[in-house]
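Enquirer: I'd like to ask you about the structure that follows.
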Amino acid sequence: MEKSTPPPPYSKDDGKALQDWFRVMRDERPVHQDPATGAWMVLRYADVVAASLDHATYSSELWRAYPAEWGKGDAWGEGRLTEMDPPKHRLLRAVIGKAFTNRTVAGLAPEIEATVERLLDAADGRTEIDVARDLADPLPVMVIAELIGLPFEDRELLRGWADRLLSFEVGDLAGEDLVKAIDAAGAELLAYLREHYRLRRAAPKDDLFSRLVTAEVEGERLTEETVVNLGKLLLIGGHATTACSLASLVFELLRHPDALTAVRQDADLIPAAIEESVRYRPAVVNSLRLTTRETELGDVTIPAGQFVSLSALSANHDERQFDAPERFDIHRQHNQHVGFGQGVHYCLGAPLARTEIRIALSALLRRFPVLERTDGPLQYYRNPSIAGLRSFPVAVGRG
C-alpha cells in the first residue's frame with residue numbers, strides 16, 4: 001500500500017494547511033487507506049454522497065466491528081440513532097422527527113429569542129464578549145433542554161456534560177485520566193436521563209421526553225435504554241452542530257467585511273449566509289461507516305469489514321462540485337453542501353439549528369453595531385471530528 005502524508009490538524013493556521021492537503025489528495029488519492037488509523041478516507045463530493053446514500057453497503061452500525069470484550073452488542077446499540085441502519089433507524093427516527101418539523105421549530109422561535117436575549121443581556125455594558133463561550137456554546141443546550149422538558153435549573157449541569165463529551169477537554173487532564181473523565185461525564189449524563197425516564201414513566205408531562213417514554217414502535221414501547229440514548233443524542237448532537245456553526249458563521253462574517261455589511265443591510269441574506277458557513281466550515285468534519293461487503297468507490301476496492309471516513313470538510317471544498325470553493329460567498333447559488341449530512345442520516349435537527357443560528361445572529365447584529373475581531377487567541381475543539389471554536393473573543397460596541 002502506498003503511504004501518504006497524514007493530514008495536518010484543523011487548528012493549524014485555521015485549517016488552511018488541511019485544505020491544501022485535501023486539494024492535493026482529492027486529485028491524487030481521493031479514496032485511500034490512512035496508515036495511521038486503518039480507516040479508508042473518502043474525499044471527493046460525489047464519492048461522499050454515493051457512500052452516504054448506500055446504507056446497505058456503508059453501514060452506520062460501527063459497533064458490529066468492535067471487539068466482544070468491549071460489550072457493545074445489540075443492546076448497547078439501542079436508541080443510538082447515528083449508529084443504526086434502516087429499517088430500525090427509519091422507525092425510530094419517525095418517532096422523534098415530529099419534534100423537528102418546520103412547524104414545530106417555528107413554535108419554538110419565541111423561546112429561542114428569549115434565550116438569546118438573556119445570554120446577550122449578560123454581556124450588556126461590556127466592550128468584549130466571547131462569541132463561543134457567551135452565546136454559541138450555551139444556547140443549544142438551553143433550547144434542547146426546553147424541547148425535551150428538562151428542568152431549567154439543570155441547564156448548566158447539562159452544558160458541562162455536553163462540553164466534556166464534545167471538547168475532549170477536562171481541565172488539564174491528559175491521556176488515560178482524560179479518557180476516564182470523559183467516560184465519567186457520559187455515565188453521569190446517562191444516570192441523569194434514567195432518573196427522568198423513571199419520573200416520566202410515573203407521571204408523563206407534555207414534553208418530548210414523555211412522548212418518547214410512552215411511544216410505541218410496531219406495537220412495543222421503547223425500552224429505557226433506547227429513550228435514554230435518544231435523550232443523550234439530542235443533547236449532545238444538537239449542541240455540537242449549532243454551537244460550532246454559529247461561532248463559525250460570526251467568525252467568517254468578521255473575516256469578510258463585505259458579507260457582514262450585506263447581512264446587516266438585508267436580513268433576508270442570513271439563511272444563505274448560514275448555508276455557506278455550514279459548507280465552508282461544517283461542524284462535523286467526517287462521518288464513519290463500516291463496509292458490509294467488498295465494494296468499489298472511486299476506482300478503489302475496499303474490502304468488507306472496513307471503517308470508512310466520509311469527509312464533509314473535504315467534500316464541501318471539492319472543485320468538481322463548487323465554483324471557487326475556497327471563497328466564502330453568501331451569494332453562492334445551488335449550494336448543495338453535505339455539512340448536515342446526506343441520506344438517511346441527514347441531520348434531524350437541521351431546521352432547529354438553522355433557526356437558532358438565524359435568531360442569534362440577528363440579535364447579535366442588532367445589539368452591537370460595532371463587532372470586530374480582537375487580538376485574543378482562538379481556541380479550537382480538540383475533538384478531531386469537530387471543526388469549531390471553543391473561544392472566540394470579539395470587541396463589541398453600540399456605535
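The values are calculated or read from the model by the stated rules, or taken from the named source; none is laboratory data. Here the structure is a predicted model, which is why all the values come from computation and not from measurement. Using ideal geometry, Cβ is built from the backbone for each residue, glycine included, and neighbour counts are taken over all protein chains shown.
Enquirer: Which of the numbered conditions does Val370 fail, given that it passes all the others? Conditions: (1) aliphatic (A, V, I, L, M); (2) more than 21 Å from Pro282 (Cβ to Cβ); (3) touching a Phe, Trp or Tyr at 6+ places or on another chain (Cβ under 8 Å); (4) surrounded by fewer than 16 Cβ atoms within 10 Å (Cβ to Cβ).
Expert: Failing condition for Val370: (3).
Enquirer: Could you give me the residue pairs with C-beta distances under 6 Å whose first residue belongs to segment 325-346 and is of a type in the set (Gly, Ala, Ser), whose second residue is surrounded by fewer than 20 Cβ atoms within 10 Å (Cβ to Cβ) wherever it lies, and which are 6+ apart or on separate chains?
Expert: Gly343/Leu53
Enquirer: Inside segment 87-126, can you point out the residues that are within 23 Å of Leu371 (Cβ to Cβ) and touching a strand residue (DSSP E or B) at 6+ places or on another chain (Cβ under 6 Å)?
Expert: Within segment 87-126, just Ala123 meets the criteria.
Enquirer: Under the condition of being touching a Pro at 6+ places or on another chain (Cβ under 9 Å) and of a type in the set (A, V, I, L, M, F, W, C), which residue from segment 16-39 is surrounded by the fewest Cβ atoms within 10 Å (Cβ to Cβ)?
Expert: Top of the filtered list is Ala36.
Enquirer: Looking at Gly186, is it under 25 Å from the mean Cα position of the chain (by Cα), within 23 Å of Pro351 (Cα to Cα) and not aromatic (Phe, Trp, Tyr)?
Expert: In short, no.
Enquirer: A further question on this structure: Tell me which residues, restricted to segment 121-159, are among the small types (Gly, Ala, Ser), surrounded by fewer than 20 Cβ atoms within 10 Å (Cβ to Cβ) and in contact (Cβ under 8 Å) with a residue 12 or more places away in the chain.
Expert: Correct list: Ala122, Ala123, Gly149.
Enquirer: Could you grab me the full set of residues in segment 15-47 that are closer than 25 Å to Ala65 by Cβ and polar (S, T, N, Q)?
Expert: Within segment 15-47, Gln33, Thr37 qualify.
Enquirer: Tell me, which strands (runs of 3 or more DSSP E) lie completely within segment 254-330 with 3 or more residues that are closer than 28 Å to Tyr381 by Cβ and not aromatic (Phe, Trp, Tyr)?
Expert: 286-291, 307-311
Enquirer: So, in segment 99-120, exactly how many residues are without any contact (Cβ under 8 Å) to a residue 12 or more places away in the chain and charged (D, E, K, R)?
Expert: Number satisfying all stated conditions: 2.
Enquirer: Could you check, for segment 236-253, whether at least one of its residues is in a helix (DSSP H, G or I) and of a type in the set (Asp, Glu)? Lay out the reasoning, then the answer.
Expert: Restricting attention to segment 236-253, the residues satisfying the condition of being in a helix (DSSP H, G or I) are 236-253.
Those still in the list that are of a type in the set (Asp, Glu) too: 252.
Yes - at least one qualifying residue is present in segment 236-253.
Enquirer: Which one is farthest from Tyr346 (Cα to Cα) among residues in segment 284-321 that are modelled with pLDDT under 95 and among the hydrophobic types (A, V, I, L, M, F, W, C)?
Expert: Here the residue is Val285.
Enquirer: Please pick out the residue among Ala51, Ala56, Ala75 that is modelled with pLDDT of 85 or more and in a loop (DSSP other than H, G, I, E, B). Explain how you work it out, then say what you get.
Expert: Details: Ala51 fails: in a loop (DSSP other than H, G, I, E, B); Ala75 fails: modelled with pLDDT of 85 or more.
Only one candidate qualifies: Ala56.
Enquirer: Could I ask something else about it? Hey, among the residues in segment 111-120 that are of a type outside the set (Val, Ile, Thr) and under 16 Å from Leu365 (Cβ atoms), which one's surrounded by the fewest Cβ atoms within 10 Å (Cβ to Cβ)?
Expert: The selected residue is Glu117.
Enquirer: Here's something else I'd like to know. When residues of segment 347-399 are filtered for being under 27 Å from Arg93 (Cβ atoms) and touching a Ser or Thr at 6+ places or on another chain (Cβ under 7 Å), how many remain?
Expert: 8
Enquirer: Restricting attention to helices (runs of 4 or more DSSP H) lying wholly within segment 99-171, give those where 2 or more residues are on the phi < 0 side of the Ramachandran plot, at pLDDT below 90 and under 18 Å from the mean Cα position of the chain (by Cα). Steps first, answer last, please.
Expert: Working: elements: 102-121, 138-148, 155-167.
Helices (runs of 4 or more DSSP H) meeting the threshold: 155-167.
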